[in-house]
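Asks: My structure is below; once you've seen it, I'll send some questions.
The values are calculated or read from the model by the stated rules, or taken from the named source; none is laboratory data. As the structure is a computational prediction, the values presented were derived from the model and not from experiment. Virtual Cβ from ideal backbone geometry, glycine too; neighbours counted across all protein chains shown. In case anyone asks, the SASA skips ligands and DNA or RNA and just uses the protein heavy atoms, side chains included. Shrake-Rupley method; radii C 1.70, N 1.55, O 1.52, S 1.80 Å.
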Amino acid sequence: QLQLVESGGGLVQPGGSLRLSCASSALTLDYPTIGWFRQAPGKEREGVSCISKYVIRHAEFLKGRFTITRDSAKNTVFLQMNNLRPEDTAVYYCAARRESCSHNPHETSAYEYWGQGTQVTVSS
């Protein structure tokens, strides 16, 4: 079983930044692709960013505000979120799958393992 644990969420003012972390247990070689998703109250879960061995994909609505990186030695993927807006408020989840981000990177059904989520609130 692959376990994923998100951290780094919190309350931030509009225009501020947060860095989320997704730490994974063993088996990361079998599940090299990590996706970040978010779900706001009353809305469907949506894909944010995806990182695999050679490919990175971001949702177009981000307009370059988020960056996804990986520290392979620590089995951790980071989501750097800059210029945050109130509409970014959501629970953020990371998920793992075998397939590269090249195909359907933001499709929730394509991911096999999920973390418990971390709350991000953007408010003044």
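Asks: If I go through region 49-96 residue by residue, how many of them are open to solvent by 60 Å² or more (accessible area, probe 1.4 Å) and among the hydrophobic types (A, V, I, L, M, F, W, C)?
Replies: So the count comes out to 3.
Asks: Acidic (D, E), under 18 Å from V122 (Cα atoms) and surrounded by fewer than 20 Cβ atoms within 10 Å (Cβ to Cβ), is that true of E46?
Replies: When the stated conditions are applied, E46 passes them.
Asks: For region 93-121, give me the residue count where each residue is closer than 15 Å to Q39 by Cβ, of a type outside the set (G, A, S) and either part of a loop (DSSP other than H, G, I, E, B) or in contact with a strand residue (DSSP E or B) (Cβ under 6 Å, 6 or more places away or on another chain) (or both).
Replies: 11
Asks: Could you count how many residues in region 91-124 are free of Cβ contacts under 8 Å to residues at least 24 places away in the same chain and in contact with a helix residue (DSSP H, G or I) (Cβ under 6 Å, 6 or more places away or on another chain)?
Replies: 1
Asks: Please name all residue pairs, on different chains or six or more residues apart, with Cβ atoms under 8 Å, provided the first residue is in region 29-46 and is farther than 19 Å from F78 by Cα and the second residue is in a loop (DSSP other than H, G, I, E, B) and of a type in the set (V, I, T).
Replies: If the second residue must be in a loop (DSSP other than H, G, I, E, B) and of a type in the set (V, I, T), the pairs left are A40/T89.
Asks: Return yes when S7 is over 16 Å from R97 (Cβ atoms) and surrounded by fewer than 19 Cβ atoms within 10 Å (Cβ to Cβ) and no when it is not.
Replies: Taking the combined requirement at face value, the residue satisfies it.
Asks: May I ask you to say which residue of S7, S72, S21 is modelled with pLDDT under 95, among the hydroxyl-bearing types (S, T, Y) and over 16 Å from E87 (Cβ atoms)? Outline the logic, then answer.
Replies: Values: S7 fails: modelled with pLDDT under 95; S21 fails: modelled with pLDDT under 95.
Criteria check complete, one pass: S72.
Residue-by-condition table, conditions (1) closer than 20 Å to S123 by Cβ; (2) outside any strand (DSSP E or B); (3) within 12 Å of the chain's Cα centre (by Cα):
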{"residue": "P14", "(1), (2), (3)": "yes, yes, no"}
{"residue": "R38", "(1), (2), (3)": "yes, no, yes"}
{"residue": "K53", "(1), (2), (3)": "no, yes, no"}
{"residue": "R57", "(1), (2), (3)": "no, no, yes"}
{"residue": "I68", "(1), (2), (3)": "no, no, yes"}
{"residue": "N83", "(1), (2), (3)": "yes, yes, no"}
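Asks: Spot the failing condition for E99; the list is (1) open to solvent by less than 80 Å² (accessible area, probe 1.4 Å); (2) over 12 Å from the mean Cα position of the chain (by Cα); (3) not basic (K, R), and only one is missed.
Replies: (1)
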